[in-house]
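Asker: Please see the structure below; I have some questions.
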Amino acid sequence: METILRVKQIEKIYGNKGSITRAIEDISFEVKKGEFVGIMGPSGSGKTTLLNLILGITDADEGQILYNGEDLTHTVM
């Protein structure tokens, strides 16, 4: 089956030298055409940050996001 979304070793860090929060650390997964995916986790675990990275609302600090083979990693709106 064709992979439509590929997330590779995504990381997102908020803050500065004095106070750093790792919202996303080394997340990787693939979504095949026709699959349904759910994102679950406790409050503050990075679900919204992950979706914002995929949608291009936020820029990733590390890693790569590919949608239909197109690199979306550094295309913040």
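Asker: Looking only at the range 1-23, count every residue that is touching a residue at least 24 places away in the same chain (Cβ under 8 Å) and surrounded by 10 or more Cβ atoms within 10 Å (Cβ to Cβ) and tell me the total.
Answerer: 12
Asker: Sticking with this structure for a sec: Being surrounded by 11 or more Cβ atoms within 10 Å (Cβ to Cβ) and farther than 21 Å from TYR67 by Cα is the filter here; which residues of the range 34-54 pass it?
Answerer: Residue satisfying the conditions is SER45 alone.
Asker: Is it true that THR73 is touching a Gly at 6+ places or on another chain (Cβ under 8 Å), surrounded by 11 or more Cβ atoms within 10 Å (Cβ to Cβ) and not in a helix (DSSP H, G or I)?
Answerer: Spelling it out, THR73 is indeed touching a Gly at 6+ places or on another chain (Cβ under 8 Å), surrounded by 11 or more Cβ atoms within 10 Å (Cβ to Cβ) and not in a helix (DSSP H, G or I).
Asker: Now for a separate question. Please go through the range 34-70 and pick out each residue that is outside any loop (DSSP other than H, G, I, E, B) and of a type in the set (D, E, K, R).
Answerer: Within the range 34-70, LYS47, GLU62, GLU70 qualify.
Asker: Could you run through the range 24-33 and say how many residues are open to solvent by less than 70 Å² (accessible area, probe 1.4 Å) and either outside any strand (DSSP E or B) or over 19 Å from ASP61 (Cβ atoms) (or both)?
Answerer: Count: 2.
Asker: Still on this structure, I have one more. Since ILE65 meets every condition but one in (1) without any contact (Cβ under 8 Å) to a residue 60 or more places away in the chain; (2) among the aliphatic types (A, V, I, L, M); (3) touching a strand residue (DSSP E or B) at 6+ places or on another chain (Cβ under 9 Å), which condition does it not meet?
Answerer: The single condition ILE65 does not satisfy is (1).
Asker: Follow-up question, since we're still on this one. Counting only residues that are closer than 26 Å to MET1 by Cα and polar (S, T, N, Q), which one in the range 55-70 is most open to solvent (accessible area, probe 1.4 Å)?
Answerer: ASN68
Asker: Within the set of pairs 6+ apart or on separate chains, which have a first residue in the range 34-50 that is under 15 Å from ALA60 (Cβ atoms) and touching a residue at least 40 places away in the same chain (Cβ under 8 Å), a second that is open to solvent by less than 90 Å² (accessible area, probe 1.4 Å) and part of a loop (DSSP other than H, G, I, E, B), and C-beta atoms under 8 Å apart?
Answerer: So the pair list comes out as LEU50/ILE39.
Asker: Another question about this same structure. Taking the range 5-39, which residues are more than 14 Å from the chain's Cα centre (by Cα) and farther than 18 Å from THR49 by Cβ?
Answerer: Result: LYS17, GLY18, LYS32, LYS33, GLY34, GLU35, PHE36.
The values are calculated or read from the model by the stated rules, or taken from the named source; none is laboratory data. Everything numeric here is computed off the predicted structure, so don't read it as measured data. With ideal geometry, Cβ positions are generated from the backbone for all residues, glycine too; neighbour counts draw on all protein chains shown. We work out accessible area using only protein heavy atoms, side chains counted, and drop any ligands, DNA or RNA first. Shrake-Rupley method; radii C 1.70, N 1.55, O 1.52, S 1.80 Å.
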